[in-house]
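Derivation of every value follows stated rules applied to the coordinates shown; laboratory data play no part. What you are looking at is a predicted structure, and each value in this text was computed from that prediction instead of being measured. For neighbour counting, all protein chains shown are included, and Cβ atoms are generated from backbone atoms with ideal geometry for every residue, glycine included.
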Amino acid sequence: MEKIQRKATKMIPEIRNLSYERRLQHLELISLEQRRLRGQLIETFKYLDGLNNVTLEGLFERDGNVRTRNNSQKLLLRNFKTSQAMNFFPVKIAATWNQLPENMVSAGTVNTFKNRLDEFWITNPAVLHPTNSMSLTP
C-alpha cells in the first residue's frame, strides 16, 4: 500500500521531484505507517479506558512505578528474546504510549484523544515516527 501512495504522489507534476516525505507534507498527508501507528495508539487508549468490549486479560500491564515522567498511565515494557514477540502489538506500542503527555492519555473521550494526538504529532514528529517507536522497545 505504501508503494501505491508513493507512486500516486509522484503523479502530481508540481511535486514530482520532491522526496516522499516532502510530497506528503505538501499534500498534508501522513504515511500509511504513521496512520497505522495512530490507529494503534487510538485502540490502546480505548482498551485502557475500557471503551472496547474486549476482555483480553493481561494484554497490557500498567507500570506500577509512581515516578512518571510523561504520563501516569505508563505501560510496562517487557523484554523478549524473539523477533516474533517484539512484533506483538502490546510490545510495539508500549514505548510510544509511554512518551505521550498526561493531558493526552487522560483525555475524557476518544475524539479528544485523537485531536490531542494529532496536535502532538505536529509539534513532536520524531516521537511518533513509526521507525522510532519500533526501536524504543527494550
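Below 26 Å, Cα to Cα, which lysines can Lys46 reach? Residues fewer than 8 away in the same chain don't count.
Lys74, Lys92, Lys114
What does the charge add up to near Glu14, with Lys and Arg as +1, Asp and Glu as -1, over the other residues with Cβ less than 14 Å from its Cβ?
+4
Would you pull out the residues with amide H under 5 Å of Leu75's amide H, same chain only if 5 or more places away, H placed 1.01 Å from N?
Excluding prolines and chain starts, which carry no amide H, the hits are Asp63, Asn98.
Full extension from Asn53 to His26: what is 0.36 nm times the residue separation minus their Cα-Cα distance, to one decimal in nm?
Length gained, Asn53 through His26: 5.9 nm.
Apply the Karplus curve 6.51 cos²θ - 1.76 cosθ + 1.60, θ = phi - 60°, to the phi angles in segment 114-126 and return the couplings in whole Hz, x for Gly and Pro.
For segment 114-126, the Karplus curve yields 4, 4, 5, 5, 5, 5, 5, 4, 5, 8, 9, x, 5 Hz.
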